[in-house]
Amino acid sequence: MQSMSASHAIVGQIPALRRYARALTGDVWAADDLVQDTLERACHKWSLWTPGTDLRAWLFTLMHNLHASQLRRAPAPAVDIDALEAEPAAMPAAADGSLDLQRCLLLLPDEQRAVLLLAALEDLSYAEIGRVLGVPIGTVMSRLSRARERLRQLMDGHPPERAGTGPSGRPALRRLK
């Protein structure tokens, strides 16, 4: 790290990093590990940050890339096809009848959840989100719209769609190129 002010600037971003990591992973321990890994990467790659640019966006980019790498490296869970039920079970409601927002967020596809969290939780602009995730603004807007709609559906008690099926339970149509 080059200066004391740089370390203070990073320390000032830790609460936002923890908040985003917690929402992204859904687990306190995994979130703390992700923040630690992000801070280590920031220290090692400090020379790549351009002074005067948005430090928060740069740190979120590091975190997003680390999280994506961790997901790619994680072994896929084994699924016993014979043990699967014909219909997915409805999500259980909390004792007071409300659905768990955290659980619903975790049911969103990763790319939609990341955009939604950066917009709603961290109040980043579309342009900043695009820079963090490395996608065009139009993609940010599209993912955010789909994430909001799917989150509404999940919070209303609609079960998550199984892979390869549409809302009706029938096979989803895929665009072939």
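The values are calculated or read from the model by the stated rules, or taken from the named source; none is laboratory data. These numbers were taken from a predicted model, which means no experiment stands behind them. Using ideal geometry, Cβ is built from the backbone for each residue, glycine included, and neighbour counts are taken over all protein chains shown.
Name the residues in the stretch 37-71 that are part of a helix (DSSP H, G or I), under 26 Å from GLN112 (Cβ atoms) and not aliphatic (A, V, I, L, M), would you? The answer is ASP37, THR38, ARG41, ARG56, TRP58, PHE60, THR61, HIS64, ASN65, HIS67, SER69, GLN70.
For LEU124, the criteria (1) hydrophobic (A, V, I, L, M, F, W, C); (2) modelled with pLDDT of 90 or more; (3) assigned to a helix (DSSP H, G or I) hold in every case but one, which is (3). Going by the conditions given, is GLY130 free of Cβ contacts under 8 Å to residues at least 24 places away in the same chain, touching a helix residue (DSSP H, G or I) at 6+ places or on another chain (Cβ under 6 Å) and part of a helix (DSSP H, G or I)? Yes; evaluated as a whole, the condition is true for this residue.
Taking the numbered list (1) under 20 Å from ASP123 (Cβ atoms); (2) surrounded by 11 or more Cβ atoms within 10 Å (Cβ to Cβ); (3) modelled with pLDDT of 85 or more; (4) not small (Gly, Ala, Ser) in turn, PRO15 passes all entries but (2).
Listed here are the residues, each with its yes/no results for (1) at pLDDT below 55; (2) touching a helix residue (DSSP H, G or I) at 6+ places or on another chain (Cβ under 7 Å); (3) within 30 Å of LEU66 (Cα to Cα).
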residue: ALA86; (1), (2), (3): yes, no, no
residue: SER142; (1), (2), (3): no, no, yes
residue: GLN153; (1), (2), (3): no, no, yes
residue: ARG174; (1), (2), (3): yes, no, yes
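For the stretch 23-55, residues that are at pLDDT below 90, charged (D, E, K, R) and surrounded by 17 or more Cβ atoms within 10 Å (Cβ to Cβ) total 0.
VAL79 - would you say it is at pLDDT 80 or above and not charged (D, E, K, R)?
Against the criterion (at pLDDT 80 or above and not charged (D, E, K, R)), VAL79 does not qualify.
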